[in-house]
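The values are calculated or read from the model by the stated rules, or taken from the named source; none is laboratory data. These figures come from a predicted structure and were not determined experimentally. FYI the Cβ positions are ideal-geometry reconstructions off the backbone, even for glycines, and counts take in every protein chain you see. Calculation scope for accessible area: heavy atoms of the full protein, side chains included, ligands and nucleic acids excluded. Shrake-Rupley method; radii C 1.70, N 1.55, O 1.52, S 1.80 Å.
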Amino acid sequence: MNVSHASVHPVEDPPTTGGGNNNNNAPIVRMKDIQGMPGTKGGLVLRVFQFFFAAAALAVMASTSDFPSVTAFRYLVAAAGLQCLWSLTLAIVDIYALLVMRFLQNYQVVSLFAIGDGITSTLTFAAACASAGITVLIDNDLGNCSENHCVQFETATAMAFISWFAALPSFLLNFWSLASR
């Protein structure tokens, strides 16, 4: 009895050149493109939020006449100013990267972003905490809110905390990207 065994012979599909269903405008998907990282739309959104809330904290605190009398409030103005500059600079870099479709997952670039984000977010968080402590002292412990600009101090402190909340994901994603290499 002759039993034939089925065999499968692979056939190569010739590459399509020119015609056919070749879509040259298809977006290139990379595994490392996590939204929130440098050069992504999510990263740009985080940078814009960081800048907006740090600028709001800076503007509100600087609009009061007696913020220079308290060291924590001066520190908040300095930290918010630094956060504004850093976030605006990196937002411009992200816009450029998105416009020219540049991949910003270079080790040196991600290192710079991670270190800068770590420093600015730590400074912003420390300044917001110090300002919150002084605001609580003035409002609750001393009861001098009628003589001071407590509402402006509280608003600037809240804006600094929100700026820090927007800066933290940027730092964590960049640091995670460095650690996973």
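So here's what we get for this one:
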read-out	value
Two-site label geometry, Cys150 and Asp66: point separation in nm, points 7 Å out along Cα→Cβ	1.2
Virtual spin-label span in nm between Tyr107 and Asp139, 7 Å along Cα→Cβ	4.8
Low-density loop positions, trypsin sites (Lys or Arg not before Pro), segment 44-132 - DSSP coil, at most 15 other Cβ in 10 Å	Arg102
Alpha-carbon centroids, segment 144-181 and segment 35-69: separation in whole Å	8
Accessible area per residue in Å² at 1.4 Å probe, computed on segment 43-181	51
Most to least packed among 63-71, 126-134, 87-95 [average Cβ atoms within 10 Å]	126-134, 87-95, 63-71
Fraction of accessible area attributable to carbon and sulfur, segment 36-75 (%, probe 1.4 Å)	75
Cα centre as origin, Lys/Arg/Asp/Glu Cβ charges: segment 24-140 dipole, Debye	400
